[in-house]
1. Once the Cα gyration tensor of the chain is diagonalised, what are the square roots of 5 times its eigenvalues, in whole Å and ordered largest first, as equivalent ellipsoid semi-axes?
2. Apply the Debye scattering formula to segment 140-188, with a single equal point scatterer on each alpha-carbon and no solvent, then give log10 I(q)/I(0) at q = 0.15, 0.16, 0.22, 0.23 Å⁻¹.
3. For the chain, take the longest principal axis of its alpha carbons; what is the angle in degrees between that and the long axis of helix 359-368, to the nearest 10 within 0 to 90?
4. So if each residue of separation counts as 0.36 nm, and I subtract the Cα-Cα distance between T360 and Q277, what length gain in nm does that give?
5. Per the 1.4 Å probe, what fraction of the accessible area of the chain, in percent, lies on carbon and sulfur atoms?
6. Quick check: net charge around A232, other residues with Cβ under 13 Å of its Cβ, Lys/Arg +1 and Asp/Glu -1?
7. Leaving out ligands and nucleic acids, and using a 1.4 Å probe, what accessible area per residue does segment 527-606 come to in Å²?
8. Could you give the length gained by full extension between V190 and E210, i.e. 0.36 nm per residue of separation minus their alpha carbon distance, to one decimal place?
Amino acid sequence: MSHPTRRITLGVVGAAVAGGLVFACRASTPNVNTAVTGDAASKVYVAPGQYDEFYAFLSGGFSGQVAVYALPSGRLIKQIPVFSQHAENGWGYDENTKPMLQTTYGFIPWDDSHHPELSQTDGVPDGRWLFINANNTPRVARIDLSRFETEEIIQIPNAAGAHASPFTTPDSKYIVSAMRFSVPVPNTDVPISSYKSNFKGTLTFIKANEPGKMDIAFQVMVPGYNYDLGHAGKGPSDGWFFFTSYNSEQAYTKLEQNASQNDKDFIAAINYRQAEQCVADGKAKPTPAEYYHNYLDPNSHEAKSEKKSGAKMLDPKDCAGLLYYLPTPKSPHGVDVDPTGEYIVAGGKLATVIPVHSFTKIQKAIADKAFDKEIDGIPVIKYEAALAGEVKNPGLGPLHTEFDGKGYAYTSFFISSEVVKWKLGTWEIVDRVPTYYSIGHLMIPGGDSKKPWGKYLVAMNKITKDRYLPTGPELFQSAQLFDISGEKMKLLLDFPTIGEPHYAQALPASLIKDRQVKFDKLAESTNPWLVKAEAEGGISRKGKRVDVKMAAIRSHFAPDNIEGIQVGDTVYFHVTNIEQDWDILHGFAVLGMETSELIVPGGQTKTLKWVPKSVGVYPFYCTDFCSALHQEMQGYVRVSPAGSNVPLVASLSDKALTQSARAAQIPTAHQGHERKGGN
Ligand code: RUQ
Ligand code: CUA
């Protein structure tokens, strides 16, 4: 969902009223009852020095990032910058990571990240990677979970609004991306009113299982609806992918009304093995496409952008058995596949039931040709022919469903602001709890996989209101943790979140905590500006470009006095943190720079670009409190007029050397640090 506003909330409510539904708007009646039971505190209390049981990855929504929480404590333990510049550690500001945000639209400093997705092996999260989508300028990213760092971002061509993304196949061979906003494909200048004839959607399959080699495998051209969410089949339905769509009305104005006319929209069920076959048989058409692939090399810590072109586009008309539509009430949002792979559950925002499709019945309907009609070569399967059952009167505004692996499903209801627990197969409702307020996504550790770990459920709520001390007009979003180990769900904890989390993923900490990179080995770095020891620091000039190679170690920079820079020069500071120790980081900032600081982990080299505009002496310093003498970790750059004859010199001052020797027990060698005119 998009960023909720009062108006949108009331709009949906209005539609529900028009549909003759009666409900209580909990969001407008603050509930002072905290609804927790007596032992809640002990269930979320993780004693100082103890670890939590789960890592949870919540998308940042309009922050563009990923927030990592520990469960059950709800403690925020990391923000991973992905699609937005992050001044806190220089992501997207330093020369190393700027290429990560490159697209055919230029350098993009922000995006709207919705759905984190853990990589899987045999349908179970394996802790290797986390993928996440950028909704606005279509991209997907891969985060390496041994570093908690974004390593790869690929742009999706022929796409707009990459919302149904980046859900994975059970082997993470592919992740997908489908378009929330249909546009002309390829995009071109046409009247908006020609929507029906000119606007299309695409379903994109992205090769995902080789770090550094993510690429567009193939795309499927589909009618111009709004493709909203997706999930892969598993077990018997392995090889299939399911995408919801709304706006089968093909409205292009006032969608609120005009896209809410049809009783049913469609789930697109795609047999992607059939797609692979059709591509292999040469049935895909080469289509113009331009996109960027950006990769942060884990050995050099430098990102490179590569512009690529061309895509393979499949038309369902040319590939029989590729794609079917399942009529689904009404304006469906989430589509979730249960752990057995048999049931496909849809959350119809305006539906009065939760429809559940049966994979077995879909296969039979295809064999029997139980079709209503065909749309652009896509057979529409009869609703009843595919239906496993309906959960009746579940609540209002169903959005998303997760599973506990014990035969139960948990669905979020935005309008009636609650989580409803129901039984797969009998479709009976067994429990419901209110959420505070207006829940969007919900998440159970492994709850969309073949083997959910269960135990907890996190509700991610859109409206916070009175849950925390007020902070002016804008409040943080609120997550709530529930205990789902028993028959009845129990509220344990509220915790605030960063940005607007849409989806989340979680897995046991044991799957990743012992695989963490603690620092990079200097000996293995391939960074061209690496210095392995203080004596390797230096300075060089090529025309108006000056490169300074610098070592950072508790508690000084080497060199730390630089002269001979001139107005009109572009200076690159290449700072290597030569510490070989965990969690000893150094920062770097220089007076008047027009970018963020550098933050350099042990063994890495990072580069800051600086263009001094006037003469003077400019201090630089370490921004990360690294030692008792962190305040002494500083230096100076002298900037002279253009054409001046001050020689280019970089030196390590005696002062810094003596002090650092005291702090870090480095032998006091005074010589060998002075360099002139090159290194
Ligand atoms: S979507 S709840 Cu991306 Cu459901 Cu937000
Ligand atoms: Cu290095 Cu503070």
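The values are calculated or read from the model by the stated rules, or taken from the named source; none is laboratory data. Because the structure is predicted, anything quoted here is derived from the model rather than measured. Positions of Cβ are generated from backbone atoms using ideal geometry, with glycine treated the same way; all protein chains shown enter the neighbour counts. Keep in mind that these areas ignore ligands, DNA and RNA; they rest on the heavy atoms of the full protein, side chains included. Shrake-Rupley method; radii C 1.70, N 1.55, O 1.52, S 1.80 Å.
1. Each semi-axis is √(5λ); the values are 50, 29, 22 Å.
2. Ignoring solvent entirely, the Cα scatterers give -0.49, -0.55, -0.87, -0.91.
3. 60
4. 27.7 nm
5. Carbon with sulfur: 53 percent of the solvent-accessible area.
6. So the surrounding residues net to -3.
7. Accessible area per residue: 32 Å².
8. That works out to 3.3 nm of additional length.
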